[in-house]
Each structure stands twice: as C-alpha cells, then as structure tokens.
C-alpha cells in the first residue's frame, strides 16, 4: 500500500513523552513534516492531562516535570491542572513549531514489506510511511476494570477514575473507592466531605512514604520497573514501587479516618459489597480507581508482545524491533522519565536509521 506521506520518524502521541521526543528530533536536525511528524488523537494539546478532573488543582499534582527547552513559568497553584498543562503543551508545540497533527487516531502500524524496510502508520483518513517509530501513547485510553462476582447485579452506579469529574455528584451517597494508587487517594479525599460515607478497599495494604524522594531512591524505583520490561513482563505502576507520598493533606485524611483502608471484598451484591467473612457494606456508587494499561493495540500487527502480555524493552528500544521505541512505557512512565526517555530514544533510533 502506498502511503500518503513519507517521513523518517513518526511519533505517536503528543503527551509529555511524545513532545519530548519531538523536541529532540527537531534538535537533531530533522525537518518538520518531511523528517518527522507527531500524530495525536486528542482534540487539543495537553495529552492525558486535558482529561483530568476539573477539581484537581495544579498545587495538588505531584511529579509534574517541565518539558525540555521551555519552563512552565509562574502559575497559580489553584488553577485546574488540566487547563494549566494544556496551555503549556500548546505553547510548547507552537514555540518549537512541532508538526503535530490532530485529531489523528492511529489505528495500526505495520511493516511495509517482508524486508522490514519501514512502517506504514494508518489513521482513518491518512497514512504515513516511516523508517522508525517513537510510540508515546501512554495509558489513558485503556482504563482497567477488574471483574468480581456479582458485579453485573449492582443496582447503583459504577465508574472508573477516568470518568471522575468532581465530588459534588456524590453528595449524600455512600461511595466505595477501589484502588491503592494516588488517584484513589486524591479522589477519596475530595469525595469524603460531600458523601454520607466512604469505604476504601485495596488488594494489598497501602504503603505511605514520609521520606524525601531522593535521586538515589528514584534510580532504585526506575531499576525495579526496568527489570520487568526487560523480561517482557507488563510494567508495574510506579506507585506500586514508590508507595504513596505522605503529604500534609494525606496525613490529615489519615488522622480523620478517611484513609482507613479495608481489604478487598469477595463479591458485589445488588446493594453493595461483601467480604468472605460475611460482612457487607451498602453502597450507592463504586469508583474503580484501578489504574490503566498501556495503549498498544495499534502496534498489534508488529507482533511485539511476549507470552506474558508485555513488550520486551531495553531502555526504550523494543528488543524484537529496534526501530520501534516505547517512551512513557515502563521505567519512563513518569513526567521526569518521559523527558529523559525522549532524548535517549531519539539518539538510538537515529543511529539505527543511519542518521
């Protein structure tokens, strides 16, 4: 199949990792549009940040890292994080004249021919031939919904943290929050003052970290996640390694009993949840703050997944296909890691392509 356009490198996704990679491609001398292109399925700049719930203020965000080459600047911490980051990403794209196409929903990436000489990147309306791929699609499009007995019988509402828009809609309800990550904690703390009651359940006891997050500890965390993806296993979430940051707000919520964790229930009933010992808890809403999975379905034609479901990655390079790099995956699935990964991925990929 003949592509509508041809580039050296196609970047898929314009979040933190994708924009970082695009910046370093531009610095390496590749021309926008002819040398590289960024394909983003969002309607506007902002990556996954644009979908964060409106009540999440910038001051409540942990771990936002600036993009290379342009500071975020002085921003009101009480402004919604979704607005601030979207504006910042938009300014970044314009400042460096990055060739971002949107909305461009990449449906598939396949090899052009049996000689493995390049890739065909397809969207519903256009296609690009590319010598190499930097995939930066993140996880937001693949919310994970676990299954429990009786789930379909629940008479109340079930929603995922990706659908959370604010605490007001839970006023007067009893809400069960499922999940041990930072989103679960943040949303639980918002909901508690509005709700008639809350119940927090997690599969394993949460670990709260009061110690400072030092560079040395950060390297240990990255190494732990990196070890899994090098073996082709699905990456673990960063918080599963780091634990939850014990901020003053979290400390206050623990003292108030909001973060009184219960073990995972055994089943869901029409009116709530039930544990193995027969204890039941009524619920109006179950909020599944159970995380996300890597959005890699468009890469399925390349056959990159290992038997365990993950992709074997060395740094950002896919071991089975060195002209494909995954940034924002595994050890680079953080705002700090994404920037570093973008630089490394571009350097290695251009060397692979002989540039």
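Evaluate the following for residue 35: is it over 27 Å from residue 246 (Cα atoms), exposed (fewer than 15 other Cβ atoms within 10 Å of the Cβ) and either modelled with pLDDT of 90 or more or in the same structural domain as residue 127 (by TED's automatic domain parsing) (or both)? The answer is no for residue 35.
Does region 58-85 hold any residues that are closer than 22 Å to residue 18 by Cα and out of contact with any helix residue (DSSP H, G or I) (no Cβ under 9 Å at 6 or more places or on another chain), and which are they?
Of all residues in region 58-85, those closer than 22 Å to residue 18 by Cα come to 58, 61-73, 81-85.
Listed by number, the list holds a single entry, 71.
The strands (runs of 3 or more DSSP E) found entirely in region 102-197 that carry 1 or more residues being closer than 30 Å to residue 347 by Cβ and free of Cβ contacts under 8 Å to residues at least 24 places away in the same chain are 119-122.
Residue 265 meets all of the listed conditions (1) in a helix (DSSP H, G or I); (2) at pLDDT 90 or above but one, namely (1).
Considering every residue within region 77-88, establish whether at least one is in a strand (DSSP E or B), in contact with a strand residue (DSSP E or B) (Cβ under 9 Å, 6 or more places away or on another chain) and in the same structural domain as residue 19 (by TED's automatic domain parsing).
Filtering region 77-88 for residues in a strand (DSSP E or B) gives 80.
Right, trim to in contact with a strand residue (DSSP E or B) (Cβ under 9 Å, 6 or more places away or on another chain) and you get 80.
Filter once more, keeping what is in the same structural domain as residue 19 (by TED's automatic domain parsing): 80.
For region 77-88, residues in a strand (DSSP E or B), in contact with a strand residue (DSSP E or B) (Cβ under 9 Å, 6 or more places away or on another chain) and in the same structural domain as residue 19 (by TED's automatic domain parsing): present.
A single entry from 251, 261 fulfils the requirement of being more than 20 Å from residue 18 (Cα to Cα), in contact (Cβ under 8 Å) with a residue 12 or more places away in the chain and in contact with a strand residue (DSSP E or B) (Cβ under 9 Å, 6 or more places away or on another chain): 261.
The values are calculated or read from the model by the stated rules, or taken from the named source; none is laboratory data. Quantities reported herein were computed from a predicted structural model and do not represent experimental measurements. Cβ atoms come from the backbone with ideal geometry, glycine included; neighbour counts cover every protein chain shown.
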